[in-house]
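Data first, discussion second: the structure below is written as structure tokens.
The values are calculated or read from the model by the stated rules, or taken from the named source; none is laboratory data. Here the structure is a predicted model, which is why all the values come from computation and not from measurement. Cβ placement follows ideal geometry from the backbone for every residue including glycine, while neighbour counts extend to all protein chains displayed. The accessibility values were calculated without ligands, DNA or RNA, using every heavy atom of the protein model including side chains. Shrake-Rupley method; radii C 1.70, N 1.55, O 1.52, S 1.80 Å.
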Amino acid sequence: MQWIATARTLARQATSQFYIRTLRSYPIAGFSSSAASNMRLVQFCDSKNDRSPRVGVELGDGGGVVDLTACDQSVPADMVGFLRGGASMLEIAKKAVESGQYVLQRETVQLRAPVTNPDKVLCIGNNYKDHCAEQGVPVPTEPVVFSKFSSTIVGPGDDIIYPDVSDALDWEVELVIVIGKEGKNIKESDAMDYVIGYTVGHDVSARDWQLKKNGGQWLLGKTMDSFCPIGPAIVTKDELSDPHKLGLRCRVNGQTMQNSNTDQLVFKTEALVSHLSRFVTLHPGDIILTGTPPGVGVFRKPNPIYLKRGDVVECEIDGIGTITNKVV
């Protein structure tokens with residue numbers, strides 16, 4: 001009916017106008033002051049037809065998605081390419097949202113991982129004070145760095161594949177930093193200029209291979225297929241009043257297993273970006289998993305608790321969103 005179509009159009013315009021007011025409020029450090037900030041950047045595909053990925057802007061957590069490629073054919077099909085485009089791509093995103101057009105209803109799209117092909121997936125261990133206390137280990141004096149392969153990345157609603165080689169699968173909710181531009185030997189005072197935003201991550205871990213096998217090296221226990229669900233969106237940094245004061249939690253089959261706050265981080269964004277850039281060049285789309293709080297299965301008393309096939313894991317961070325992944 002015509003009145004329903006009119007109502008939907010008005011709702012889309014109202015949502016877009018809210019984002020327009022927000023986008024005009026703040027510049028993104030390290031990018032053009034005229035470029036958009038306060039956005040939720042996503043990768044998505046059509047739910048039923050075209051499965052090729054595209055880059056969009058989510059109009060609020062769970063809202064419609066502005067199709068940036070429909071607005072401008074120069075927009076790359078993947079997030080890494082989009083971020084490499086810097087301020088010009090962010091300006092296109094701003095104009096697309098301001099237009100009130102190109103909005104796809106949420107039920108017609110499927111969100112992919114917001115970054116699927118980063119140059120690096122960097123991870124930090126023992127980076128929560130309360131997690132160190134849980135293990136009875138000292139708080140590190142410098143970041144404990146390890147990595148995952150980019151092939152571990154899956155989307156916010158994709159399945160986690162239980163590997164046949166392990167029987168000790170564990171959960172870890174994590175705040176994830178997303179790099180927005182290339183940098184090496186970055187000063188802490190300049191570090192936020194290189195960050196586009198944050199997303200939610202789940203550092204799935206095979207504890208037997210992390211802690212008891214492979215000569216004590218963590219890599220195999222951290223980098224099996226599907227061991228890095230991320231999403232639902234990259235929330236640009238200015239949309240979060242303080243990324244280091246966010247509640248984060250992990251639920252398994254509806255039961256809260258982890259419940260902490262990013263104010264427990266030992267090394268925060270600026271320190272991590274600066275430290276890592278001393279050793280490797282950071283590129284647009286690189287992601288940094290910043291560590292997990294207490295409540296993981298391996299340290300449960302009196303006995304460890306591990307994931308099993310059929311379990312559903314929800315990882316949630318205030319202001320960013322929730323990813324929900326089933327173990328199969």
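Filter region 197-214 down to the residues that are of a type in the set (A, V, I, L, M) and assigned to a loop (DSSP other than H, G, I, E, B) and list them by number. Walk me through how you get there before you give the answer.
Taking region 197-214 as the starting set, the residues that turn out to be of a type in the set (A, V, I, L, M) are 200, 204, 206, 211.
The one that is of a type in the set (A, V, I, L, M) and assigned to a loop (DSSP other than H, G, I, E, B): Val204.
Determine whether Asp242 is modelled with pLDDT of 95 or more, surrounded by fewer than 22 Cβ atoms within 10 Å (Cβ to Cβ), within 23 Å of Asp130 (Cβ to Cβ) and of a type in the set (Asp, Glu). Break it down into steps so the answer makes sense when it comes.
Working: modelled with pLDDT of 95 or more: yes; surrounded by fewer than 22 Cβ atoms within 10 Å (Cβ to Cβ): yes; within 23 Å of Asp130 (Cβ to Cβ): yes; of a type in the set (Asp, Glu): yes.
Spelling it out, Asp242 is indeed modelled with pLDDT of 95 or more, surrounded by fewer than 22 Cβ atoms within 10 Å (Cβ to Cβ), within 23 Å of Asp130 (Cβ to Cβ) and of a type in the set (Asp, Glu).
Quick one: which residue in Lys268, Lys308 is under 27 Å from Arg84 (Cβ atoms) and at pLDDT 95 or above?
When all the criteria are applied, what remains is Lys268.
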Checklist entry - Among the residues of region 105-133 satisfying the criterion of being of a type in the set (A, V, I, L, M) and open to solvent by less than 40 Å² (accessible area, probe 1.4 Å), which is farthest from the chain's Cα centre (by Cα)? => result Val109
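Of all residues being acidic (Asp, Glu) and open to solvent by 40 Å² or more (accessible area, probe 1.4 Å) in region 18-77, which is modelled with the lowest pLDDT? Just the residue, please.
If we filter region 18-77 for residues that are acidic (Asp, Glu), which is where we start, we get 46, 50, 58, 61, 67, 72.
Then drop every residue that is not open to solvent by 40 Å² or more (accessible area, probe 1.4 Å), which leaves 50, 61, 72.
Details: Asp50: 70, Asp61: 91, Asp72: 95.
The qualifying residue modelled with the lowest pLDDT is Asp50.
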Item to check | Identity of the residue in region 197-222, within 23 Å of the chain's Cα centre (by Cα), surrounded by fewer than 22 Cβ atoms within 10 Å (Cβ to Cβ) and in contact (Cβ under 8 Å) with a residue 40 or more places away in the chain, that ends up nearest to Pro163 (Cα to Cα) | outcome: Arg207
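Any residue at all in region 78-85 that is basic (Lys, Arg), modelled with pLDDT of 95 or more and farther than 30 Å from Val252 by Cβ? Step through it out loud before you land on a result.
Quick first cut of region 78-85, residues basic (Lys, Arg) only: 84.
When the remaining residues are screened for being modelled with pLDDT of 95 or more, the result is 84.
Then drop every residue that is not farther than 30 Å from Val252 by Cβ, which leaves 84.
Looking through region 78-85, at least one residue is basic (Lys, Arg), modelled with pLDDT of 95 or more and farther than 30 Å from Val252 by Cβ.
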Next on the checklist: Can you list residue pairs whose Cβ atoms sit under 8 Å apart, with the first residue in region 101-116 being within 13 Å of Val57 (Cα to Cα) and the second being of a type in the set (Val, Ile, Thr) and outside any strand (DSSP E or B)? Count only pairs 6 or more apart in sequence or on different chains.
Outcome noted: Val103/Thr15
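So, in region 161-196, exactly how many residues are assigned to a loop (DSSP other than H, G, I, E, B), closer than 30 Å to Pro304 by Cβ, touching a residue at least 24 places away in the same chain (Cβ under 8 Å) and not hydrophobic (A, V, I, L, M, F, W, C)? Outline the logic, then answer.
Of all residues in region 161-196, those assigned to a loop (DSSP other than H, G, I, E, B) come to 161-168, 171-172, 180-182, 184-187.
If we keep only those that are closer than 30 Å to Pro304 by Cβ as well, we get 161-168, 171-172.
Narrowing further to those that are touching a residue at least 24 places away in the same chain (Cβ under 8 Å): 161-163, 165-168, 171-172.
Remaining after also requiring not hydrophobic (A, V, I, L, M, F, W, C): 162-163, 166-167, 172.
Residues flagged as assigned to a loop (DSSP other than H, G, I, E, B), closer than 30 Å to Pro304 by Cβ, touching a residue at least 24 places away in the same chain (Cβ under 8 Å) and not hydrophobic (A, V, I, L, M, F, W, C) within region 161-196 amount to 5.
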Item to check | Close pairs from region 268-281: first open to solvent by 10 Å² or more (accessible area, probe 1.4 Å) and of a type outside the set (Val, Ile, Thr), partner part of a loop (DSSP other than H, G, I, E, B) and modelled with pLDDT of 95 or more, Cβ under 7 Å, at least 6 apart | outcome: Lys268/His244; Ser274/Ile186; Ser274/Lys187; His275/Pro143; Arg278/Asn185
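Hey, can you tell me all the residues within region 291-328 that are among the hydrophobic types (A, V, I, L, M, F, W, C) and open to solvent by less than 10 Å² (accessible area, probe 1.4 Å)? Please lay out each step first, then the result.
Step one: list which residues in region 291-328 are among the hydrophobic types (A, V, I, L, M, F, W, C), which gives 296, 298-299, 305, 307, 312-313, 315, 317, 320, 323, 327-328.
Result: Val296, Leu307, Val313, Cys315, Ile317, Ile320, Ile323, Val327.
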